[in-house]
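Working notes, beginning with the structure itself.
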């Protein structure tokens, strides 16, 4: 009996030691920079690489471009949205596919995702950032395997980018999206940069784009999967509902969720648990 008891102790201690030392592979977040001729500056971006990226060196991955909000930066989704933890959890649970997540910086020198005086960010995004990512990392560089999402200003940017470049993205997930303003609205008491941002948001009014879309444009928009996610206490809820109604009127399929919450990181962090499975479905179609 004493020998059997000792054997069980040895097996148990071995198992405990193994379980304590074994860490399953996890995705990682990194902070990077690249040179931009268009913006004439170094641009930062954050990137999440999935758990098999460093070991399965022949594999290529779909990409999600994840945009931050006004006055934010590329570090927001990593440090405040905890994107690495969410992605690892969902991927390990097989609720999302392994993907690369790119988080660019549109808020350090100027702010805004559209072209404006002194800040041709939209040109940078499509002519420099995406080509840089697809050259530097093992991506699948086509529409089916490229998605875009964002919060607030970045939510509006993700919608407008897909509206203007429907051949580039399979899915769009807009959180608390700033989708347009009326004349005189937007950032109040704005400096020159803020005035330029107001002007470009007005010019890229996502609701008006859908309302004025011709038959060919509507057809292109129907080839994208759309998701609108906004809190019931969010000050941008009204325009998000306007956008959804415009999509319905144009018979462009889209999903809408109005959940309990406001315009804050608690809401956007929780939205990631819906966003990553949603874009994963688009990658797998």
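The values are calculated or read from the model by the stated rules, or taken from the named source; none is laboratory data. Since we're looking at a predicted model, the values are computed, not measured. Cβ placement follows ideal geometry from the backbone for every residue including glycine, while neighbour counts extend to all protein chains displayed.
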query = Taking the stated definitions as given, is residue 12 under 17 Å from residue 125 (Cα atoms) and either modelled with pLDDT under 95 or not in a strand (DSSP E or B) (or both)?
reply = no
note = Inside segment 40-57, the number of residues satisfying the requirement of being crowded, with 18+ Cβ neighbours inside 10 Å and either part of a loop (DSSP other than H, G, I, E, B) or at positive phi (or both) is 2
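What tally of residues in segment 82-112 results from selecting those that are under 30 Å from residue 195 (Cα atoms) and in contact with a strand residue (DSSP E or B) (Cβ under 8 Å, 6 or more places away or on another chain)? Show your work before the answer.
Within segment 82-112, the first condition is being under 30 Å from residue 195 (Cα atoms), and the residues that meet it are 102-112.
Now restrict to residues that are in contact with a strand residue (DSSP E or B) (Cβ under 8 Å, 6 or more places away or on another chain): 102-106, 108-110, 112.
Total satisfying the criteria: 9.
Quick check on segment 58-86: of everything there that is within 22 Å of residue 142 (Cα to Cα) and surrounded by 16 or more Cβ atoms within 10 Å (Cβ to Cβ), which residue is nearest to the chain's Cα centre (by Cα)?
The selected residue is 66.
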message = Could you check segment 187-234 and list, in sequence order, the residues that are over 24 Å from the mean Cα position of the chain (by Cα), surrounded by fewer than 17 Cβ atoms within 10 Å (Cβ to Cβ) and not in a helix (DSSP H, G or I)?
response = 188, 189, 190, 191, 212, 214
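In segment 231-256, which residues are in contact with a helix residue (DSSP H, G or I) (Cβ under 7 Å, 6 or more places away or on another chain), without any contact (Cβ under 8 Å) to a residue 60 or more places away in the chain and under 19 Å from residue 147 (Cβ atoms)? Don't jump to the end; show me each part of the working.
Step one: filter segment 231-256 for residues in contact with a helix residue (DSSP H, G or I) (Cβ under 7 Å, 6 or more places away or on another chain), giving 231, 239, 242-243, 246-247, 250, 252, 254, 256.
Okay, now just the ones that are also without any contact (Cβ under 8 Å) to a residue 60 or more places away in the chain, so 231, 246-247, 250, 252, 254, 256.
Of everything in segment 231-256, those that are in contact with a helix residue (DSSP H, G or I) (Cβ under 7 Å, 6 or more places away or on another chain), without any contact (Cβ under 8 Å) to a residue 60 or more places away in the chain and under 19 Å from residue 147 (Cβ atoms) turn out to be 247, 252, 254, 256.
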remark   = Checked segment 58-99 for anything touching a helix residue (DSSP H, G or I) at 6+ places or on another chain (Cβ under 7 Å) and part of a helix (DSSP H, G or I); matches are 77, 78, 83, 84, 86, 87, 90
task = Any chance you could count how many residues in segment 23-39 are farther than 16 Å from residue 137 by Cα and surrounded by 13 or more Cβ atoms within 10 Å (Cβ to Cβ)?
result = 5
